[in-house]
1. Quick check on this structure: which one of Val43, Val68 is over 15 Å from the mean Cα position of the chain (by Cα), surrounded by 10 or more Cβ atoms within 10 Å (Cβ to Cβ) and modelled with pLDDT of 95 or more?
2. When the residues of the stretch 72-119 are filtered to those that are polar (S, T, N, Q) and modelled with pLDDT of 95 or more, which remaining residue is nearest to Lys58 (Cα to Cα)?
3. Take the residues in the stretch 138-160 that are without any contact (Cβ under 8 Å) to a residue 12 or more places away in the chain and small (Gly, Ala, Ser), then tell me which one is surrounded by the fewest Cβ atoms within 10 Å (Cβ to Cβ).
Amino acid sequence: MGVGREKIRRGWLLAFVALMLAVLAPIVLRSALERKTFLVEIVFPGGGIISVLLEDAKRIGGIEREGVYQNQYGNWRDDGVYQGVLLSELIGTNVAYDALLVTAADGYAVRIERSRVEDSDYPMVLAYRFNGTDVPAWEDGPRIAVLPEDGDVSNAEYDAESAGSYWVKDVHRIELLADSPSSREE
């Protein structure tokens, strides 16, 4: 009788372990996949959508510079070394659009005029690294950052109430807006 009970206990133990693996494996796998890549969706005026992964952004290349911005209260924030791909390179030069609508995962959104995106004195990047830490370990990324040569973006020099309003954290979606008829025809 002792051998029969031991077989039953071993069977229950194996069933329990199999059940735990079946429940936990998808959770662990999904978590690992989410940590492996970041995804930013780019929506073009005609409705086309592309997804940009961390590997894609690194392959395109970009710039690495110190950066810091001034917020609406005049405080300097988020000083550090950012690395990312230029938005103008990510989008392409032959695309017709007037502005970008950049949306964060929390719903924050800002409209960025094309002239700001393509301003070579204040290059705008989709940053995937901050102080040597890539997303997803860098929890504020991917992030829009403005990286002039000197690294500082003040409200006055950027002609904005808050230069920091353009530094969108945890970017989820970038939509290209074609407001003018000439932009929609191209």
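1. Step by step, each of Val43, Val68 is checked, and only Val68 is over 15 Å from the mean Cα position of the chain (by Cα), surrounded by 10 or more Cβ atoms within 10 Å (Cβ to Cβ) and modelled with pLDDT of 95 or more.
2. Only one residue fits best here, namely Gln83.
3. Result: Ala156.
The values are calculated or read from the model by the stated rules, or taken from the named source; none is laboratory data. Just so we're clear, the structure is a prediction, and the values are computed from it rather than from any experiment. Heads up, the Cβs are rebuilt from the backbone with ideal geometry, glycines too, and the neighbour counts pull from every protein chain shown.
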